[in-house]
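This report refers to the structure that appears directly beneath it.
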Amino acid sequence: MVDNTECNPATDEVISEEVDVKKKKYLRGEGANLKDLKDKKLRGQLAVQEELFGKSAAAAAKAEKWLMPSEGGYLEGDGIEKTWRIKQDAIASEVDILSSRKQFDIVLPDFGPYTLEFTPSGRYMAAAGRKGHIAIVDMKNMSAIKELQVRETVRDVVFLHNELFFAAAQKKYPYIYNREGTELHCMKEHGAVLKLQFLRNHFLLASINKFGQLHYQDVTTGQMVANVRTGLGRTDVMQVNPFNGVVAVGHSGGTVSMWKPTSAAPLVKMLCHPGPVTALAFHPNGHLMATAGMERKIKIWDLRKFEVLQTLPGHCKSLDFSQKGLLATATGSFVQVYGDLSGSQNYGRYMTHSVAKGYQVKKVTFRPYEDVLGIGHSMGWSSILIPGSGEPNFDSWVANPFETSKQRREKEIRSLLDKLPPETIMLDPTKIGSVRPERKKEKPSKEDREAEMEAAIEEAKNIHMKKKTKGRSKPSKIAKKKQEAVEKAKKPFLEQHTNKRKPTEETQLPKSLERFVRKKAAA
């Protein structure tokens with residue numbers, strides 16, 4: 001049998017050119033000029049080093065070419081055309097059929113407003129209506145896996161470690177259900193919860209109830225890890241920082257407090273707005289935070305310096321950052337998306353969308369690994385296309401939208417083995433594994449020494465004396481014993497004082513010079 005397949009040289013040339021372009025990105029600048037070197041040994045060593053640099057850059061370029069085939073992109077206007085004027089209809093007419101299917105509206109007027117939650121892979125979505133309707137949807141096949149009616153108020157919904165389990169904040173208590181809609185647990189210790197968050201690396205379910213109490217519960221053991229009173233009143237604004245696992249809570253006084261389960265006091269308490277905080281979101285890198293207040297301002301903060309980077313005008317009820325750093329805001333029936341396309345942390349208007357008049361948007365959330373924004377509103381939920389919002393290439397070890405049941409089981413076991421204890425939650429997780437520098441002992445001041453001595457004297461005076469017979473319990477003897485105890489308590493403090501004033505002893509001279517020392521007069 002003869003193989004008639006031939007290699008197309010033109011295609012190979014195009015591929016090699018693409019690899020060469022990508023290779024330049026990974027090379028460390030221009031190579032060293034070795035011709036001018038006179039030392040043969042050094043020239044040989046540097047030549048080998050340059051060859052290794054070239055091989056590693058070529059390997060990285062090939063990996064990017066074949067393992068990361070998709071490239072992210074943004075909307076770009078022609079000339080003076082503004083991207084935020086482009087409507088969804090115009091985008092849908094230009095994209096492929098699979099992408100156009102991701103643009104839809106689900107109208108369920110009897111159960112809204114709806115809140116939405118996606119799994120980390122973006123494959124599954126949970127939608128919860130205020131009036132008790134909960135649905136789990138497979139976004140790849142566009143099919144409902146399970147729908148249930150809990151017959152009471154549902155305030156929030158969140159997936160646990162995978163799509164098989166989810167928690168719903170209902171009227172009195174939060175409940176945990178499996179994917180089949182079976183109730184597994186009723187967590188009465190949390191109370192009437194307003195907002196839920198799940199810390200995936202620590203397997204902790206965090207909730208804040210209507211009394212302002214913050215609860216952390218370990219979903220693997222069922223243990224209540226922490227129960228903290230924020231002391232700042234009722235709120236439903238809560239978000240987890242994906243970088244360090246710190247939970248941020250926005251309050252009615254305009255402050256944002258940051259918490260960890262091993263501390264009863266907030267790690268950070270910052271005044272962000274003069275009025276109540278209405279929404280809160282973290283950038284995926286964990287260094288940027290967006291807050292919205294009732295004074296119709298949206299502020300973007302740098303959490304490394306706790307400074308405002310930018311202030312945007314506008315009222316906002318919901319905020320969310322995409323994987324590529326786009327910021328979605330929603331108020332009333334209007335959704336705006338801001339983008340930092342220049343990379344200078346200066347956000348500008350990127351896209352706008354208005355849902356049907358009269359619909360009140362409750363929640364906006366980006367779908368991971370897709371250029372899609374989910375909108376939960378009073379009449380159901382909608383999905384719109386936002387080019388450039390999602391990460392174009394997924395890592396199957398982190399989040400795999402096409403994972404099988406076997407892969408899911410293996411990932412669950414692996415994540416349980418890698419589970420982090422609550423003590424690892426801190427503002428700067430890079431400190432884990434570093435050695436704490438030894439602190440110098442601070443010398444107590446004169447006032448501290450006097451206060452310590454007075455406390456010791458007072459303790460000595462209040463010693464209870466046992467009653468003894470044969471005249472040993474006379475008042476004079478008891479007073480004498482108390483005086484001795486006071487003198488004994490004073491002694492170490494007085495010795496310290498005299499040691500400081502004691503002149504330094506004469507330095508010992510060598511034997512050859514001792515004969516020149518003036519002798520002391522004999523007594």
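The values are calculated or read from the model by the stated rules, or taken from the named source; none is laboratory data. Just so you know, these numbers come straight off a predicted model, no measurement behind them. Virtual Cβ from ideal backbone geometry, glycine too; neighbours counted across all protein chains shown. Ligands, DNA and RNA are excluded from the accessible area calculation, which covers all protein heavy atoms including side chains. Shrake-Rupley method; radii C 1.70, N 1.55, O 1.52, S 1.80 Å.
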Fill in: Any hit, the stretch 357-367, residues being modelled with pLDDT of 90 or more, assigned to a loop (DSSP other than H, G, I, E, B) and open to solvent by less than 40 Å² (accessible area, probe 1.4 Å)
no
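Results for (1) basic (Lys, Arg); (2) not in a strand (DSSP E or B), shown as yes or no for each residue.
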| position | (1), (2) |
| --- | --- |
| MET351 | no, no |
| TRP381 | no, no |
| SER389 | no, yes |
| ALA399 | no, yes |
| LYS411 | yes, yes |
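Report whether or not PRO266 is modelled with pLDDT under 95, over 23 Å from ARG367 (Cβ atoms) and assigned to a loop (DSSP other than H, G, I, E, B).
Values: modelled with pLDDT under 95: yes; over 23 Å from ARG367 (Cβ atoms): yes; assigned to a loop (DSSP other than H, G, I, E, B): yes.
Considered against the rule, which asks whether it is modelled with pLDDT under 95, over 23 Å from ARG367 (Cβ atoms) and assigned to a loop (DSSP other than H, G, I, E, B), PRO266 comes out as yes.
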Worksheet entry | Top-ranked residue of the stretch 284-299 - restricted to ones that are under 27 Å from PRO392 (Cβ atoms) and not in a strand (DSSP E or B), ranked as least open to solvent (accessible area, probe 1.4 Å) | GLY286
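So which of LYS65, LYS38, LYS25, LYS55 ends up being modelled with pLDDT under 75, open to solvent by 70 Å² or more (accessible area, probe 1.4 Å), charged (D, E, K, R) and more than 30 Å from ILE384 (Cβ to Cβ)? Steps first, please.
Working: LYS65 fails: open to solvent by 70 Å² or more (accessible area, probe 1.4 Å); LYS38 fails: modelled with pLDDT under 75; LYS55 fails: modelled with pLDDT under 75.
When all the criteria are applied, what remains is LYS25.
Quick check: anything in the stretch 364-371 farther than 30 Å from ASP110 by Cα and in contact with a Ser or Thr (Cβ under 9 Å, 6 or more places away or on another chain)?
Of the stretch 364-371, the ones farther than 30 Å from ASP110 by Cα are 369.
Pick out the ones that are also in contact with a Ser or Thr (Cβ under 9 Å, 6 or more places away or on another chain) and you get 369.
The answer is yes; a qualifying residue exists.
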Worksheet entry | Options ALA206, ALA169: the member that is of a type in the set (A, V, I, L, M), surrounded by 20 or more Cβ atoms within 10 Å (Cβ to Cβ) and in contact with a Ser or Thr (Cβ under 9 Å, 6 or more places away or on another chain) | ALA169
Discussion item. One residue is enough: does the stretch 167-181 have a residue meeting the conditions touching a residue at least 60 places away in the same chain (Cβ under 8 Å) and assigned to a strand (DSSP E or B)?
Written reply: no
Worksheet, complete the sentence: Here, strands (runs of 3 or more DSSP E) confined to the stretch 93-164 with at least 1 residues that are surrounded by fewer than 19 Cβ atoms within 10 Å (Cβ to Cβ) are 104-107, 133-138, 143-149
Item to complete: Inspect the stretch 359-373 for any residue being more than 20 Å from the chain's Cα centre (by Cα) and free of Cβ contacts under 8 Å to residues at least 40 places away in the same chain and give the result as yes or no.
Response: yes
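So that you can scan it fast, the table gives a plain yes or no per residue for (1) assigned to a strand (DSSP E or B); (2) not aromatic (Phe, Trp, Tyr):
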position	(1), (2)
TRP301	yes, no
LYS305	no, yes
VAL308	yes, yes
THR311	yes, yes
LEU319	yes, yes
GLY325	no, yes
ALA328	yes, yes
VAL335	yes, yes
GLY343	no, yes
